[in-house]
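Starting off with a structure, shown below.
The values are calculated or read from the model by the stated rules, or taken from the named source; none is laboratory data. Since this is a predicted model, take the numbers as computed values, not measurements. Don't worry about glycine lacking a Cβ; one is built from the backbone with ideal geometry, like all the others, and counts go over all protein chains shown.
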Amino acid sequence: MWNSNSQLFGDGKVVFFGFARAALLYALNLLGLRTGQNVLVPSFICDSALSPFRHKGIDIIFYPVHEDLRIDLEQAERLGNNSTCAFLAVNYFGFPQDYAAVTAFCQDRHLILIEDNAHGFLSSSERHQLGGYGDVAICSFRKDLPVPNGAALIINNPAIAQEALASMLPPLSRPRLSLTVKAIAKALDLRLGAHLIHFWRTLQRDDTALNAAQTHLMEEFSLDSYMEQCSLYTQAVLRLLNIDHFREQRRIRFDSWREHCGGSTEAQPIWNRLPESVVPQVFPIRAAEPERYMERLRSDTGIKASRWPRLPKVVRENIGDYPPFYTRVVTMPLDGEQAMRKPACFGSPDQIWRG
Ligand SMILES: Cc1ncc(COP(=O)(O)O)c(C=O)c1O
């Protein structure tokens, strides 16, 4: 599926997928990356983002990020070697990296820049919409919208052989019906969706639930259940969404959280400033005691915060070598049924769709 002129994805060539990891696998094929080469990837990342590299046998060299989630380019410089061919930069929670510095770094070392914009759907910074800086970029709007799946690969570098695209599309299965049921229930603000899925899995008691649990543990190494087409339902939502309202609500809710957390010693916002062009995915904090903080928030307000990320296996196993904040990040929701159910803090869910 092609879309070269979308308001939502900037000027690059866009190919839609069900999941960003499938888009990334496709990008690696397109770029011709091979076993024996390596890619610089931040160590602060969710394990599932690594599955395409694992699948293709491409080595990963982890570089660290600072407490404000800026890339530590000095360390990255030290860590790369002659087999390094690409650099992956993450726009955490919709906040841009310093692309003047990152682009110069990659150009000087002839590295392909892969922009992981899984969280930054609708954000922009000085020159471009996010997703417009990398030679290629991925985004995952399924994380932002009540949709069953939805992600995209954006190809910005015109030198990348686009004529090869059509023949290189990986085989993608049809979207799972269970995810659509869940998304519709969520959009209607019913918690029924999760119960239906649970019921469905119980009925198929054989391998399905077991497989789901195992897949969850092995997400860093397995891609199979994510090679799905972008759902038609997702495409309709993208067309119908009132983007301006969506942007504004996210930003208002971010500010509400900032007020809520301001001055707290238990929870420090990662960013105290919300640049004009940023559409945040969540409100992230560093919590001194993440589990206790989340439990208190839940009992006081009913709001369920989450921890991010589930770190890569090798990072989890050597966590003492990494900055302590890696295990202390907690994210508060800015949309979805939870946030919408709290009118005093978050405003109402009307005007979500275009008039
Ligand atoms: C930074 C980042 N990149 C990529 C991905 C993969 O996205 P998807 O789940 O759509 O495959 C995730 C998933 O959580 C992520 O957080």
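Could you check how many residues of segment 277-329 are part of a loop (DSSP other than H, G, I, E, B), in contact (Cβ under 8 Å) with a residue 12 or more places away in the chain and either out of contact with any Gly (no Cβ under 9 Å at 6 or more places or on another chain) or not polar (S, T, N, Q) (or both)?
Selection size over segment 277-329: 18.
Among the numbered criteria (1) small (Gly, Ala, Ser); (2) farther than 30 Å from residue 58 by Cα; (3) surrounded by 15 or more Cβ atoms within 10 Å (Cβ to Cβ); (4) at pLDDT 70 or above, which one does residue 222 miss?
For residue 222, the exception is condition (2).
Looking at (1) under 19 Å from residue 52 (Cβ atoms); (2) more than 16 Å from the ligand (Cβ to nearest atom), find the lone condition where residue 125 falls short.
It is condition (1) that residue 125 fails.
With the condition being more than 30 Å from residue 239 (Cα to Cα), in contact (Cβ under 8 Å) with a residue 24 or more places away in the chain and within 16 Å of the ligand (Cβ to nearest atom), I'd like the helices (runs of 4 or more DSSP H) fully within segment 1-91 carrying at least 2 qualifying residues. Walk me through it before giving the result.
Working: elements: 20-31, 51-56, 73-79.
Result: 51-56.
Could you say which residue among 105, 87, 95 is buried (at least 24 other Cβ atoms within 10 Å of the Cβ) and farther than 27 Å from residue 306 by Cα?
Values: 105 fails: buried (at least 24 other Cβ atoms within 10 Å of the Cβ); 95 fails: farther than 27 Å from residue 306 by Cα.
It is 87.
Hey, another quick one. Can you name the number of the only condition in (1) surrounded by fewer than 24 Cβ atoms within 10 Å (Cβ to Cβ); (2) touching a residue at least 40 places away in the same chain (Cβ under 8 Å); (3) in contact with a Cys (Cβ under 6 Å, 6 or more places away or on another chain) that residue 113 fails?
Unmet condition: (2).
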